[in-house]
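Below is one structure, written out as structure tokens; the observations come after it.
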Amino acid sequence: MKIMTGNSNLPLARAISAYLEVPLTNVSVRRFADEEVFVEIHENVRGEDVFVVQSTSYPANDNLLELLICIDALRRASAKRITAVVPYFGYARQDRKPGPRTPISAKLVSNLITTAGADRVLAVDLHAGQIQGFFDIPTDNLFAAPVMAADIQTRYGSQELMVVSPDVGGVVRARSLAKRLNNAPLAIVDKRRDRPGQSEVMNIIGDVKGRMCILIDDIIDSGGTLCNAAQALLDAGAAGVSAYITHGVLSGGAVARVAGSALKELVITDTIMATEATASCDRIRVLTIAPLIGEAVRRIADESSVSSLFD
Ligand code: R5P
């Protein structure tokens with residue numbers, strides 16, 4: 001087995017390689033003067049089972065190109081099997097046509113990865129499970145929930161918990177986390193805008209009074225969804241609100257928004273490499289999912305069950 005990486009998340013790739021006790025493959029992934037990506041693999045990979053770790057996070061297009069070109073280099077170097085390990089799958093939110101004459105970019109990106117030569121894909125908390133079906137190659141979708149549940153038990157286990165989905169679309173994810181927390185009760189933030197131009201009203205479905213609320217979502221981007229939900233929960237009488245989010249996209253002024261919000265803390269995973277602003281924000285904590293990905297990689301290489309990781 002070989003582990004190779006692009007430049008999107010070196011700390012995570014190093015941690016996966018340390019978990020597996022397999023050194024990172026010697027490769028240069030660099031830019032020409034005009035910013036074209038160039039990849040050169042400095043060791044033999046012929047006949048190898050290769051895992052390429054690369055999140056298609058910011059800058060999404062550059063990181064995607066690095067992934068595609070790494071896969072192409074491996075294919076042309078006769079690797080036996082290539083698995084694209086994409087801890088954060090950028091473009092996943094463009095998984096359907098929101099209006100006429102719009103693209104389904106998640107499908108296009110899936111096609112690109114397959115066409116480049118990937119034999120398998122390994123991702124974490126895909127925005128929608130159906131994205132697995134965008135690939136006609138085996139695709140494993142790992143869940144960060146076990147890692148989050150363990151942390152929540154340690155930090156908040158002694159309190160009356162309530163798991164909260166920040167929107168109606170996230171209920172399945174929230175329910176699955178609640179199950180891992182001894183069937184904690186569930187609440188939903190229902191955002192409504194009765195008429196265009198009117199400001200959004202947040203209704204809380206469920207009685208959160210006196211409860212420590214755990215908001216769960218797959219992505220925090222601008223932070224708007226989460227910070228508004230946290231305030232609405234406190235207004236409804238919650239004892240406190242923390243959030244557990246798999247992918248810390250945190251673009252624009254998101255870190256400042258979180259720092260000034262009603263959230264007790266925001267806990268993200270390391271699917272996306274933390275920026276300096278994120279790392280130095282004392283309201284944000286990062287959990288590593290390197291052992292989870294490392295174990296899934298080991299099981300794929302050994303051809304043993306990946307789903308049993310979540311039993
Ligand atoms: C949306 O469907 C996602 O699950 C997240 O709720 C969304 O991407 C968060 O975006 P923002 O942080 O910009 O509100």
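The values are calculated or read from the model by the stated rules, or taken from the named source; none is laboratory data. Note that this is a predicted model, so its numbers are computed, not measured. So basically every Cβ, Gly included, is an ideal-geometry build from the backbone, and we count neighbours across all protein chains shown. For the accessible areas, the whole protein counts, side chains as well, though only heavy atoms, and no ligand, DNA or RNA atoms are used. Shrake-Rupley method; radii C 1.70, N 1.55, O 1.52, S 1.80 Å.
Using alpha-carbon pairs under 8 Å, 6+ residues apart, how would you state the relative contact order of the range 44-131 in percent? Before the final figure, lay out each step's value.
Details: 143 pairs, mean separation 29.1, N = 88.
Averaging sequence separation for qualifying contacts and normalising by length gives 33 percent for the range 44-131.
Charged neighbours of T139, selected by a Cβ distance under 12 Å, balance to -2 (K, R count +1; D, E count -1).
Rg to Rh for the range 145-288: what is it, with Cα atoms only and Rh by Kirkwood? Ratio value, two decimals: 0.95.
Could you please tell me the mean projected area of the C-alpha convex hull for the range 1-56, averaged over all directions and given in square nanometres to one decimal?
In nm², the orientation-averaged hull projection of the range 1-56 is 4.2.
Over 23 Å, how big is the tail of the calculated P(r) for the range 80-231, in percent of all Cα pairs?
Numbers: 5534 of 11476 pairs.
When every Cα pair of the range 80-231 is considered, 48 percent fall beyond 23 Å.
Residue by residue, the range 147-155 carries 3J(HN,Hα) couplings of 5, 5, 4, 4, 5, 5, 4, 5, 7 Hz when phi is fed to the Karplus relation 6.51 cos²θ - 1.76 cosθ + 1.60 (θ = phi - 60°); x denotes Gly or Pro.
Across the chain, the relative contact order, built from alpha-carbon pairs under 8 Å that are at least six residues apart, equals 14 percent.
Sorting K2, K264 by solvent-accessible area of protein heavy atoms yields K264, K2, largest first, with a 1.4 Å probe. Annotation note: GluC sites (Glu not before Pro) in the range 240-311 located in DSSP loop regions with a Cβ neighbour count of at most 14 within 10 Å are E303. Using the Cβ of A92 as centre and a radius below 14 Å, the other residues enclosed give a net charge of -1, where K and R count +1 and D and E count -1. Straight-line cross-link reach from K179 at under 20 Å between alpha-carbon atoms covers these aspartates and glutamates, not counting any fewer than eight positions away in the same chain: D125, D151, E160, D167, D207, D217, D218, D311. Taking a ≥ b ≥ c as the square roots of the eigenvalues of the Cα gyration tensor, the range 177-249 is classed as oblate, since a/c reaches at least 1.5 and a/b does not exceed b/c.
For V241, the residues whose modelled amide H falls within less than 5 Å of its own, excluding neighbours fewer than 5 places apart on the same chain, are C213, K264. Principal axis extents of the Cα atoms in the chain, from largest to smallest and rounded to whole angstrom, are 61, 45, 36. The phi torsions of the range 297-311, fed into the Karplus equation with coefficients 6.51, -1.76 and 1.60 and a -60° offset, translate into couplings of 4, 4, 5, 5, 5, 7, 6, 10, 5, 8, 4, 5, 4, 10, 5 Hz, rounded to whole numbers, with Gly and Pro shown as x.
Annotation: lysines with alpha-carbon distance below 27 angstrom to K80 (same-chain offsets under eight excluded): K2, K107. Treating each Cα of the range 46-118 as an identical point scatterer and summing with the Debye formula, the log10 of I(q)/I(0) at q = 0.13, 0.14, 0.22 Å⁻¹ comes to -0.40, -0.45, -0.92.
GNM remark for the chain: springs join alpha carbons under 10 Å apart, and the peak mean-square fluctuation among R299, R211, R31 falls on R31.
Less than 5 angstrom separates the built amide H of A77 from none of the residues sequence-distant by 5 or more or on a different chain. Of M202, M162, the residue with the largest accessible area leads and the full order is M202, M162 (1.4 Å probe).
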